Amino acid sequence: MLVDVTPARRGIGRGLVCGAVTAVAIGLVFGQLGEYQVMDYADQDTTIGLVGALLGALGAALVIAVLPLRKRGHAVVPLVLVPVAVVPLVAGLERNNVEAALLWGCAAIAVHVLIERPRATNAVVVVLVVAALLTWGLQHRWRAQKFEAVGLPLFVPQVPGYEVNRTWAGRYIVSMTLRPDDRSNHYLDAVIRENVRCRHDDTDRWVIERETGPDALGLCLPGGAAMTVGPGYLTPDLSPLFDRITVREVDGSVLADHRNGGEMEPD
């Protein structure tokens with residue numbers, strides 16, 4: 001007995017074509033965003049992402065609707081999938097635009113192919129759950145990549161009695177806060193940024209006198225950058241520890257281990 005496989009092949013073809021349209025829409029939205037999520041005063045990715053997700057979803061749905069194909073609800077898929085892919089990654093989660101676009105583009109193609117099959121609801125749900133779990137599982141990797149993308153040497157300060165508590169990656173600086181071992185409320189700020197003084201000397205350290213509040217310490221790092229370590233609000237004078245403060249080189253994954261927070265770049 002011969003089985004006509006032509007309808008199945010046509011269904012797969014329709015799914016691939018419609019999936020490609022949705023995947024392209026997702027890729028175009030991510031292409032309009034900054035390389036990584038940098039939540040600071042200048043960040044516009046949330047607005048761009050929300051507007052882009054709306055326009056991308058509507059645009060993909062319209063393209064699919066006018067395609068000369070016999071379709072099974074394909075035009076509805078981008079209306080749901082594009083916002084699901086984009087909105088969480090511009091509303092607070094970490095992201096890598098290329099990897100996120102590939103991940104959710106593949107999910108879009110799989111969903112479009114699956115809906116050509118009868119009783120495919122469970123399979124579609126599995127695809128979406130897997131894509132969401134992979135996105136969550138990649139958060140640490142994407143956050144680590146963000147620290148490395150700043151382009152500064154990555155170090156953490158070694159201050160007796162204090163531990164790194166929060167870290168933050170900006171466009172031009174890397175910053176962190178340190179809390180005391182005794183869990184008291186005061187804290188230290190440490191910021192890494194480029195510094196002309198350190199271009200030819202990676203061992204220099206100096207005291208930074210402040211007009212208000214206790215002094216801070218500057219330490220040159222390799223590659224023409226410097227770290228400043230200073231007391232935060234209501235923090236005791238740090239100067240007795242200046243001679244004992246050192247730095248330790250790390251990679252982005254170490255900084256990504258901590259919660260997001262630190263000194264942001266000026267507006």
note = Each label sits 7 Å from Cα toward the beta-carbon; between Val66 and Ser239 the label points are separated, in nm, by 7.2 nm
note = segment 82-124: spread of alpha-carbon positions along the three principal axes, whole Å, largest first, is 36, 17, 13
remark   = Dipole check, the chain, charges on Cβ (K,R +1; D,E -1), about Cα centroid: among Met176, Pro88, Gly223 the Cα furthest to the positive pole belongs to Pro88
ask   = Can you list residues whose amide H is under 5 Å from Arg95's amide H, if they're 5+ apart or on another chain and H is modeled 1.01 Å from N?
value = Gln37
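Starting from the alpha-carbon convex hull of the chain, give the projected area averaged over all orientations, in nm².
Mean projected area of the Cα convex hull: 18.7 nm².
Classify segment 87-169 as rounded, prolate or oblate, taking a ≥ b ≥ c as the square roots of the eigenvalues of its Cα gyration tensor: rounded when a/c is under 1.5, otherwise prolate if a/b is larger than b/c and oblate if not. List each step's numbers first, then the result.
Details: a/c = 4.64, a/b = 2.90, b/c = 1.60.
Verdict is prolate for segment 87-169.
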key: Angle between the chain longest axis and helix 76-90 axis [Cα atoms, degrees, rounded to 10]   = 10 degrees
query = Once the Cα atoms of helix 139-149 and of the chain are each reduced to a long axis, what angle between those two axes, in degrees from 0 to 90 to the nearest 10, is obtained?
reply = 60 degrees
task = Pull out the extension gain between Val126 and Thr203, defined as 0.36 nm times the separation in residues minus the alpha carbon to alpha carbon distance; nm, one decimal.
result = 22.3 nm
query = Using modelled backbone amide H atoms (1.01 Å from N, in-plane), which distant-in-sequence or interchain residues come within less than 5 Å of Leu221's amide H?
reply = Ala226, Met227
ask   = Going by alpha carbons, how many degrees (0 to 90, nearest 10) lie between the helix axis of 45-66 and the longest principal axis of the chain?
value = 10 degrees
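Every read-out reported here was derived from the displayed coordinates using simple, explicitly stated rules and does not represent laboratory data. Since the model is a prediction, treat every value here as computed from it, not as a measurement. Cβ sites come from the backbone with ideal geometry, for glycine too, and all protein chains shown count toward neighbours.
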